[in-house]
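Below is one structure, written out as structure tokens, with a few remarks after it.
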Amino acid sequence: MSLDSPEIRLIGYAERMTLRPGESMGFHVASRLEGAFQARLVRVICSDPNPEGPGMQEEEVAAGLAPEGYRAEWQEMPRGSYMTVPGAEALGRHERLAFSATVWPSLPGQGEQAILTLTGVDGRRLALSLDAEGQLSFGLVDSDAKVTIPGAVRRRQWLHCMAEADLAKGRLTLTLERLDSFNGSDTGSQDGLNLGGALEIAGVTLAAIDGPGRRGLFNGKIEAPTLHGGENLLAAWDFSRDISSFTVAERGPLGLVGELVNRPLRGVTGASWNGEEMCWRHRPEHYAAVHFHDDDVGDAGWPQTLRLTLPKDVKSGLYALRLSGEGEEDSIPFVVPPPHGSRQADLCVIIPTFTYTVYANYERFDYGPKTRERVQAWGSYPHYPADHADYGLSTYNHHSDGSGIALATHLRPILTTKLGYMNLFDPKGSGLRHLQADTHILAWLEAEGLAYDVISDHDLDEEGVAALSGYKAVLTSTHPEYHTTNTLDAIQGYRDGGGNLAYLGGNGFYWKIARHAEHRDALEVRRAEGGIRAWAAEPGEYHHMFDGSYGGLWRRNGRPPQALAGVGFSSQGLFEGKGYTRLPASHDPKYAWLFEGVEGEQIGTEGLCGGGAAGYELDRADVALGSHPDAVVLARSGDHPDHFVAVPEEILTHVATISGESEEALIRAEILYWETPAGGTVLSVGSITFCGSLFQADKTKSVAAIIRNYLNSL
């Protein structure tokens, strides 16, 4: 049997990641089924397919969905960014046309790539482009009527190109001027061509050839595209203005605004950038470019298939719309907070929907045959992002031109949040991360009979601390990594207002992200200086296009995780866990209550995530980074395998670290407890894999005992 991911025949996404009782939202489904598919609403308790774990647990909820089912057509996912110009027909009819643009090709020689294309009402298309060999070319598309400058353009080097077409005389002229340190220019021309006479313009497209499928998508940066008709300026698009927008200002006589499709990256350095200014807000003329990619994705834009209205009395929790038909299944999870201004429980769990979105469709380096074999053996969700890259990969992956993916959206199918998805092969456990791993917390709360509400990052970003006010305790997930200023402020406001915060994960509060002011589904991450990174942002491109703020680590933005939760990211290794050892402070009567029921000195020596409670990504306390002096470290892990390393931001040289500790000493997770001045508490466990030990056959049930004791004390 093939281990490749099978064909997807039924899949969908929701218009939002959160929905409150009594509210409605649309679902967008693509189906290859001959008949209808069924839809049912379930409350998700556990999404771990491991037969040795708590198992897949769901509760079906009546929601008025059509018993006869629903039908949908198959939908493709539009990929690749470009710019269109509504109203381009106003440019009129011209015998002489001239194009110019400054470009930075990032993948020349990989097929035809358009820079600027004019489409006539008669169907002719005149394009300035790179040909399949990476040479600059100008002329009619799908015709021999073109001129080419021999020799491939240089990758990641700026050049200015000018093209003129005298359509009546059948003459094409093309000039290339190199702007890099090599300089030089080339010119080519061709006479006696049958160009068909004057062109009546019907459309203008930048970075793509206007036609079926928008073929010829450009990879690289384009700056200052300009169009002349005869001696007259027809249009000139200025990418240095309104950089946060997906529309482009035009300074020509007609004011033809461009629309950026599939969200290319702005706030990127242009041909004039010289390093004197690092923020586009301060010198926008140095950032007068847009970086296009042939695999950019935005809102999938599928038609709405069905609309769900939640019952007003539905219980807060993690939910999913389950789709099924002809042996195919899909799930579309979403968060259901309580109604605005109310609470259904004393506990609240923050579901990290920002982190889920940033990791959406992550093609992991370590997803291999062993993982696929286990997926089949366990009946896990069968589809893997790399096998279905049309849905767009994650910000942990690269574009086809090698640049990092900086923008993310939930308005597309997200395979990594499907119920039962297995993230990686874990010889000692379930191989779960993110949503699936976070359901270990929900399942444990259910097993303990503890009522809880949930709220998403999206809600927290919009509502602030009010979304958390009144809860006796707020619990984080296993990996609350990505945050906006608003979400950090909300959690800190809750803590400083006397709330009780349990940080039940690791590598939390780490990367700063921005959320688009208009397109609220869109998130942005700039992987600026420092941090363990899947890619590094280009020099000068550390500020978000969405709001102009400096990106990168929250630590480099003056808000280290230790200042919020007492511990912060210190070390990472492969998906393998160890136990913690209790420290003398844990036996002090002031803190010993937290360890009632814990036998011996070891904590979490087994687990469903990596085989132990202290694993994969580890956090430690550090007063210099904001851990409160009154916070007490009660347990610490150690003796981690050699593949664990200290995070880059801790390292100064090959023999020196910022803290002065050895690199080996930084490889540890710490359980910390702190009584805040406002009368609240903070319990932080310092590891992503900690909650994987809530259910495992650790004879002392030490992890569960600690969390139970903490919650019972409030």
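The values are calculated or read from the model by the stated rules, or taken from the named source; none is laboratory data. Keep in mind the model is a prediction, meaning the values are calculated, not measured. Glycine gets a Cβ as well: all are built from the backbone with ideal geometry, and neighbour counts include every protein chain shown. We work out accessible area using only protein heavy atoms, side chains counted, and drop any ligands, DNA or RNA first. Shrake-Rupley method; radii C 1.70, N 1.55, O 1.52, S 1.80 Å.
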Checklist entry - To the nearest 0.05, how large is the calculated FRET efficiency for residue 307 and residue 132 if R₀ is 35 Å and r is the Cβ-Cβ distance? => result 0.15
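Before anything else, pin down the relative contact order of region 21-105: Cα pairs under 8 Å, at least 6 apart, normalised by residue count, whole percent. List each step's numbers first, then the result.
Details: 68 pairs, mean separation 24.6, N = 85.
It rounds to 29 percent for region 21-105.
Counting Lys +1, Arg +1, Asp -1, Glu -1, what net charge surrounds residue 108 among other residues with beta carbon under 13 Å of its beta carbon? Display every interim value, and only then the final one.
Numbers: positive: 154, 155, 156, 221; negative: 112, 131, 133, 294, 401.
Neighbourhood net charge equals -1.
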Checklist outcome for this item: Per the helix-only model, the chain has a calculated mean residue ellipticity at 222 nm (DSSP H runs of ≥4, -39500 (n - 2.57) each, divided over all residues, rounded to the nearest 500) of -2500 deg cm²/dmol
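With Cβ to Cβ distances under 12 Å as the rule, what net charge do the other residues near residue 157 carry (K, R +1; D, E -1)?
Working: positive: 154, 155, 156, 178, 221; negative: 177, 180.
Here the charged neighbours net out to +3.
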Checklist entry - Percent relative contact order of region 461-512, based on C-alpha pairs within less than 8 angstrom and at least six residues apart? => result 50
Item to check | More than 22 angstrom apart: percent of Cα pairs within region 631-714 | outcome: 41
Next on the checklist: Quick check: the angle from helix 434-448's long axis to the longest principal axis of the chain, C-alpha only, nearest 10 degrees?
Outcome noted: 30
Item to check | aspartates and glutamates with Cα under 20 Å of residue 701, excluding same-chain neighbours fewer than 8 positions away | outcome: 48, 52, 438, 446, 448, 576, 596, 599, 601, 606, 670
Item to check | Prolate/oblate/rounded label for region 530-588 (Cα gyration tensor, a/c 1.5) | outcome: oblate
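Tell me, what is the FRET efficiency for residue 376 and residue 663 to the nearest 0.05, using R0 = 35 angstrom and their Cβ-Cβ distance as r? All intermediate terms of the calculation are to be shown ahead of the outcome.
Numbers: r = 40 Å, r/R0 = 1.15.
Here the calculated transfer efficiency is 0.30.
Scale the Cα Rg of region 492-540 by the rule-of-thumb value 2.2 N^0.38 Å and send over the ratio, two decimals. Numbers along the way, then the final one.
Details: Rg = 15.1 Å, N = 49, 2.2 N^0.38 = 9.7 Å.
Working it through for region 492-540, the quotient is 1.56.
On average, how much area does the Cα convex hull of the chain cover when viewed from any direction, in nm²?
Values: hull surface 131.2 nm².
Taking a quarter of the hull surface, the average projection is 32.8 nm².
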Next on the checklist: Rounding to the nearest 10 and keeping the result within 0 to 90°, find how far the Cα-based axis of helix 369-378 lies from the longest principal axis of the chain.
Outcome noted: 60
Checklist entry - Using a cut-off of 14 Å between alpha-carbon atoms, which aspartates and glutamates can reach residue 512, once sequence neighbours fewer than 8 places away in the same chain are excluded? => result 457, 461, 481, 489, 524, 529, 547
Item to check | Å² per residue, accessible surface of the chain at 1.4 Å | outcome: 36
Next on the checklist: I'd like the orientation of helix 485-496 relative to the chain: the angle between its Cα long axis and the longest Cα principal axis, in ° from 0 to 90, rounded to 10.
Outcome noted: 20
Checklist entry - Scattering from the C-alpha atoms of region 198-253 alone, worked out with Debye: what is log10 I(q)/I(0) at q = 0.17, 0.20, 0.29 1/Å? => result -0.71, -0.94, -1.24
Checklist entry - Measuring from the lowest to the highest alpha carbon on each principal axis, how far does region 341-411 reach, largest first, in angstroms? => result 46, 36, 19
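Scale the Cα Rg of region 271-363 by the rule-of-thumb value 2.2 N^0.38 Å and send over the ratio, two decimals. If you can, show how the numbers build up before the last one.
Values: Rg = 21.6 Å, N = 93, 2.2 N^0.38 = 12.3 Å.
Computed over Cα atoms of region 271-363, the ratio equals 1.75.
How much of the accessible area of region 339-435, in percent, comes from carbon and sulfur atoms when a 1.4 Å probe is used?
That fraction is 50 percent.
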Checklist outcome for this item: So, with points 7 Å from each Cα along the Cβ direction, the residue 366-residue 169 label distance in nm works out to 6.6
Item to check | Förster radius 30 Å - calculated FRET efficiency between residue 249 and residue 142, Cβ distance, rounded to 0.05 | outcome: 0.40
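Taking a ≥ b ≥ c as the square roots of the Cα gyration tensor eigenvalues, with a/c under 1.5 meaning rounded and otherwise prolate when a/b beats b/c, else oblate, which class fits region 544-640?
Working: a/c = 3.10, a/b = 1.56, b/c = 1.98.
The shape class here is oblate.
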Checklist entry - When the accessible area of region 621-667 is computed with all protein chains present and a 1.4 Å probe, what percentage of it is carbon and sulfur? => result 55
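For the chain, give me the percentage of DSSP beta bridges that are antiparallel, rounded to the nearest 5 percent.
90
Could you work out the percent of alpha carbon pairs in region 482-628 separated by over 25 Å, rounded to a whole number?
Values: 4461 of 10731 pairs.
Roughly 42 percent, once rounded to a whole number.
Compute the convex hull volume of the Cα atoms of region 563-714, divide it by the residue count, and report the result per residue in Å³ as a whole number. Please list the in-between numbers first.
Working: hull volume 15.5 nm³, N = 152.
Dividing the Cα hull volume of region 563-714 by its residues yields 102 Å³.
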Item to check | Per residue, the convex hull volume that the Cα atoms of region 63-197 enclose (Å³) | outcome: 177
